[in-house]
Amino acid sequence: MERTLPTILIDGERDLGRGLNWSELWRHRELLYFLTWRDIALRYKQTALGVLWAIIYPLLSVGIFSLFFGRVAKLPSDGIPYPLFSFSGLLIWIYFANTVGRCSSSLVGNANMINKVYFPRLLLPVAAIFPGVVDFGIAACLLIGGMLFYGAIPSPAALIQIPLILLGTTGLSLGLGMFLGAVNVRYRDVNNGLSFLMQMWMFATPVVYPISLIREEYRIFAALNPMVGYVEAFRSALFNQAIDWNLFAVSAVITVVSLVVGTRYFIRVEKSFADIV
């Protein structure tokens, strides 16, 4: 008896009009798992220090910031020991910046795969999120050790607030990463510009200085930087300070907009990836 093979119809124009195909993404969930595991394994493959790189960079950065900004410039830290103040801000910033970078390069980095087989291309930037989650978890252990050393114990409310803040940061990273990744397929200098942008963006965000240094009438403009709300909320949740929910709400709205715009643009140009990547 002759066996009939299933027929799969790939219709780019129809999918473009319908938006995200959730059922197709769900069918490829195992591929997402393997892409994620591969990205995590490759990150530390053939490295002498392995996962220690997730600790070395923030640790050295905090040491430099504590010396120059904490001791020399004597920047205030809202009653928080400056090493913990800068480490907490740097931790969530590194997660954001690295995730945006990996998402934006995920398509170009998998050009051979895109050219040879069909699968939902959206899986590539989504899979690029998880190595950053691993790095964040490793570095967070060091921050927890520092907090115990200084006797700074977060309240139980932080167990709810911090995952919410990280979810918002992840959404912002993915929205920007999808958009920049799609642009990067056509214009390969996106990564060079992104490196410079992230350096400037960090100093426009209260990572090494408190938002209290910004005059009250100018904070509305600072709030247009979505990472301001997330960094401030993350630090406040850790050190039992009141979260500025207005700042957080602005960041959340910008995150939703970035996800919608990033996803729609990604889907609109997705059908051309194999031709120009």
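The values are calculated or read from the model by the stated rules, or taken from the named source; none is laboratory data. Bear in mind the structure is a predicted one, so any value in this text is a computation, not a measurement. Don't worry about glycine lacking a Cβ; one is built from the backbone with ideal geometry, like all the others, and counts go over all protein chains shown. Areas reflect the complete protein model, heavy atoms only, side chains present, ligands, DNA and RNA absent. Shrake-Rupley method; radii C 1.70, N 1.55, O 1.52, S 1.80 Å.
Within the range 181-194, the set of residues being in a helix (DSSP H, G or I), surrounded by fewer than 22 Cβ atoms within 10 Å (Cβ to Cβ), touching a residue at least 60 places away in the same chain (Cβ under 8 Å) and not β-branched (Val, Ile, Thr) comprises Arg186, Asn191, Leu194. For the range 105-118, the set of residues classified as outside any loop (DSSP other than H, G, I, E, B) and either modelled with pLDDT under 90 or among the aliphatic types (A, V, I, L, M) (or both) consists of Leu107, Val108, Gly109, Ala111, Asn112, Met113, Ile114, Asn115, Lys116, listed by residue number. No other residue among Pro6, Pro81, Pro76 is out of contact with any Ser or Thr (no Cβ under 8 Å at 6 or more places or on another chain) and either small (Gly, Ala, Ser) or at pLDDT 85 or above (or both) apart from Pro81. One residue stands out in the range 161-194 among those that are farther than 23 Å from Ser251 by Cβ and among the polar types (S, T, N, Q): the one that is modelled with the highest pLDDT, namely Asn184. All of (1) open to solvent by 50 Å² or more (accessible area, probe 1.4 Å); (2) outside any helix (DSSP H, G or I); (3) touching a residue at least 60 places away in the same chain (Cβ under 8 Å) hold for Pro206 with one exception: (1). Scanning the range 209-234 for residues that are surrounded by fewer than 18 Cβ atoms within 10 Å (Cβ to Cβ), in a helix (DSSP H, G or I) and touching a residue at least 40 places away in the same chain (Cβ under 8 Å) yields Ser212, Leu213. Taken over the range 25-45, the criterion of being surrounded by 13 or more Cβ atoms within 10 Å (Cβ to Cβ) and of a type in the set (Asp, Glu) is satisfied by Asp39 alone.
Would you call Thr205 among the hydroxyl-bearing types (Ser, Thr, Tyr) and in contact with a Ser or Thr (Cβ under 9 Å, 6 or more places away or on another chain)? Spelling it out, it is not the case that Thr205 is among the hydroxyl-bearing types (Ser, Thr, Tyr) and in contact with a Ser or Thr (Cβ under 9 Å, 6 or more places away or on another chain). Taken together, Arg102, Arg121 contain a single residue that is outside any helix (DSSP H, G or I), surrounded by 21 or more Cβ atoms within 10 Å (Cβ to Cβ) and touching a helix residue (DSSP H, G or I) at 6+ places or on another chain (Cβ under 8 Å), which is Arg121.
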